[in-house]
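Input: a single structure, listed below in structure tokens.
Read-outs: derived from the displayed coordinates by stated rules, not from any lab. As the structure is a computational prediction, the values presented were derived from the model and not from experiment. So basically every Cβ, Gly included, is an ideal-geometry build from the backbone, and we count neighbours across all protein chains shown.
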Amino acid sequence: MPNAAIQSIAMSVAERVMTNEEFEKIVETSDEWIQTRTGIKERRVAEPGQSSSYFGAIAAADALKRAGVNPEDVDMVICATVTGDHLFPGTACLIQERIGAKNAGAFDVGAACAGFIYAAEVASSMIRNGTIRNAVVVGVDTLTHFVDWSDRSTCVLFGDGGGAAYMEATEEDRGIVATVMLSDGSGAKHIKIEKGGSLYPPSRPQSEGKCSTLYMAGKEVFRFAVRAMADSCHKVLEKAGLTADDVTLFCPHQANLRIITAAAEHLGLPMERVFVNVQKYGNMGAGSIPVALYEAEAEGALKKGDLVMTVGFGAGLVWGANLIRW
Ligand SMILES: CC(C)(COP(=O)(O)OP(=O)(O)OC[C@H]1O[C@@H](n2cnc3c(N)ncnc32)[C@H](O)[C@@H]1OP(=O)(O)O)[C@@H](O)C(=O)NCCC(=O)NCCS
């Protein structure tokens, strides 16, 4: 069986930078509160019309260019997102069309902020079993289109953008070494956008009074996130027969610096081996892990042959981790 290596990675985030100070003008908050509780200093905010496929397609095209691959040679486009352009068609199809991947299949993966973990494993499994030769795996979200800008407990947390990885079959000792994917639907109530799906469709009587913006029970999610990070990291290391000492770089979902440091402490990983960019982007949903991987590589923190552990958690509830030989 071949391995499925990540041959290139790229990112695309919204251009507009929104600082904590700007929030002081729209809700009762302060730069100090936001930084101490979350580690976030600024985030990127998409303009109206800049949807998830917009950033996803830019990143996907760039990933292919970096790998020197013709879009027509791509077998599959997978997009991890929970903020797709529409309920349907799938955002992966819109990306497939924009990048000119004429001969590819395309579908979305909805696993919230763990979406890239799930999508990368799906692509890897399909490549390894021979169903496809290669895939473009996108993780992208534009959550600011869905926040309630008057709710200070959520609007300060999110940002827009994502990244894309080009994965292909290789005989080299690279690619996903082990993955764990977990869920607990009993926690579905803790992060959600209630209205807009088939239970509460827009403009239907049963949807009256239901919320079409993002709701999050912050404290419950915080507790879950700390547990989920530790749980998935332990399980994926155990599955691979490795320990945290073998990990070159820990590249977690970037939601909150306190959650990241708690996980690193729990694993006994010094912060020098933990990649953090939440201060610049806030929580970009499924986009945060590929953007972190891109920046880690660009900064020289992640090199070919390194062992990187990615971990994500989010609405569902879902969580999971990939161990990747870069
Ligand atoms: C949202 C979060 C930062 C809040 O931090 P916290 O320390 O738990 O804060 P609390 O919810 O206890 O709120 C403390 C107080 O700060 C207030 N507060 C909330 N947001 C605020 C803001 N932006 N500015 C100032 N005060 C704020 C609350 O209203 C509360 O006030 P009260 O005590 O008068 O009711 C934190 O719960 C969190 O990060 N949760 C996980 C979020 C996450 O990772 N989500 C993504 C999953 S993919």
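Assuming charge only on the beta carbon of Lys and Arg (+1) and of Asp and Glu (-1), the dipole of the range 54-114 about its Cα centre is about 120 debye to the nearest 20. Peptide packing: for 235-243, 55-63, the average count of neighbouring Cβ atoms within 10 Å per residue gives the ranking 55-63, 235-243, highest mean first. Dipole size of the chain about its Cα centre, with +1 on Lys/Arg Cβ and -1 on Asp/Glu Cβ: approximately 460 debye, rounded to the nearest 20.
Only counting other Cβ atoms within 10 Å, I'd like R44, R204 sorted with the fewest neighbours first. Provide the component values of the computation, followed by the final result.
Details: R44 24, R204 12.
Fewest-to-most ranking of R44, R204: R204, R44.
Normalised by the number of residues in the range 3-172, the mean separation of alpha-carbon contacts (under 8 Å, six or more apart) gives a relative contact order of 35 percent. Its relative contact order, with pairs defined as Cα atoms under 8 Å and 6+ residues apart, puts the chain at 26 percent.
In the chain, the DSSP-assigned H stretches of four residues or longer account for a calculated mean residue ellipticity at 222 nm of -9500 deg cm²/dmol, using -39500 (n - 2.57) per stretch and the full residue count as denominator. Here the peptides 1-8, 106-113, 147-154 are ranked by packing, the mean other Cβ count within 10 Å, and the order with the highest first is 106-113, 1-8, 147-154. Centroid-to-centroid, using Cα positions, the range 297-319 and the range 255-284 are 11 Å apart.
DSSP finds beta bridges in the chain, and of those with both partners inside it, around 75 percent are antiparallel. All other residues whose Cβ lies under 11 angstrom from that of M167 are scored, Lys and Arg at +1 and Asp and Glu at -1, for a net of 0. A full extension of the chain between H234 and K219 corresponds to an added length of 3.1 nm, given 0.36 nm per residue minus the alpha carbon distance. Projecting the Cα atoms of A59, A292, T81 onto the charge dipole of the chain (Cβ charges, centred on the Cα centre) puts T81 farthest toward the positive pole.
Couplings 3J(HN,Hα) of the range 44-61, computed from phi: 9, 10, 6, 6, x, x, 8, 8, 5, 5, 4, 6, x, 5, 4, 5, 5, 4 Hz, in residue order, whole Hz [Karplus 6.51 cos²θ - 1.76 cosθ + 1.60, θ = phi - 60°; x for Gly and Pro]. Using a cut-off of 23 Å between alpha-carbon atoms, which lysines can reach K41, once sequence neighbours fewer than 8 places away in the same chain are excluded? Counting by Cα, and skipping residues close in sequence, K41 has these lysines nearby: K25, K219, K280. Beta bridges from DSSP with both residues in the range 3-172: antiparallel share about 70 percent, rounded to the nearest 5. Candidates Y215, S203, I117 compared by Cα position along the dipole of the chain: farthest toward the positive end lies S203, with charges placed on Cβ. The C-alpha radius of gyration of the range 3-79, expressed as a fraction of 2.2 N^0.38 Å, stands at 1.54. Of Y200, Y294, the sequence from fewest to most neighbouring Cβ atoms within 10 angstrom is Y200, Y294. Electrostatic bookkeeping for S51 treats Lys and Arg as +1 and Asp and Glu as -1; over the other residues with beta carbon under 12 Å from its beta carbon, the sum is -3. Give me the lysines in straight-line cross-link reach of K239: C-alpha distance below 24 Å, same-chain residues under 8 apart excluded. Those lysines meeting the cut-off are K303, K304.
Counted by neighbouring Cβ atoms within 10 Å, the residues W33, W326 run from fewest to most as W33, W326. Report the Cα centroid-to-centroid distance between the range 191-229 and the range 18-58 in angstrom, as an integer. A separation of 20 Å, based on Cα centres.
In terms of its C-alpha gyration tensor, the chain comes out oblate, because a/c is 1.5 or above while a/b does not outweigh b/c.
Around L199, under 15 Å between beta carbons, what's the net of Lys plus Arg minus Asp minus Glu among the other residues? Combined, the nearby Lys, Arg, Asp and Glu give +3.
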